[in-house]
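Worksheet: the structure to be examined is printed underneath.
The values are calculated or read from the model by the stated rules, or taken from the named source; none is laboratory data. Keep in mind it's a predicted model, so treat the numbers as computed, not measured. Ideal geometry is used to build each Cβ from the backbone, glycine not excepted, and the neighbour counts take in all protein chains shown.
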Amino acid sequence: METREKFSSRLGFILMSAGCAIGLGNVWRFPYITGVYGGGAFVLLYLFFLLILGLPIIVMEFAVGRGSQKSIAKSFNELDFISGCRFRG
């Protein structure tokens, strides 16, 4: 059985996941530009809804990956959505 690479720390994994999901431009430039032009309240609401809507998706991705122990492309094929139906996509 092949050994898989692992992250050396949990923080590195979280930062890499956030960078892939959100993008650095979204993290740094967007709040700065909106704050400069008077949109600070919007940034707070944006971050709130980003957490509320993004957290369940990230938890689901982690659960599927940990449960299947396969690559991203193969992990969703391990799920049984409706008794016997497989994900085709």
So, in the range 1-19, of the ones that are among the hydroxyl-bearing types (Ser, Thr, Tyr) and at pLDDT 80 or above, which residue ends up nearest to residue 54 (Cα to Cα)?
17
Could you please tell me which pairs satisfy a Cβ distance under 7 Å, a separation of 6+ or placement on different chains, a first residue in the range 40-55 that is on the phi < 0 side of the Ramachandran plot, and a second residue that is of a type outside the set (A, V, I, L, M) and in a helix (DSSP H, G or I)?
42/34; 43/31; 43/34; 43/35
Of the residues in the range 1-20, those that are surrounded by 12 or more Cβ atoms within 10 Å (Cβ to Cβ) and part of a loop (DSSP other than H, G, I, E, B) come to 7
Subset of the range 21-68 [exposed (fewer than 12 other Cβ atoms within 10 Å of the Cβ) and either touching an Asp or Glu at 6+ places or on another chain (Cβ under 8 Å) or among the basic types (Lys, Arg) (or both)]:
29, 66, 67
Scanning the range 21-74 for residues that are outside any helix (DSSP H, G or I) and within 30 Å of residue 3 (Cβ to Cβ) gives 69, 70, 71
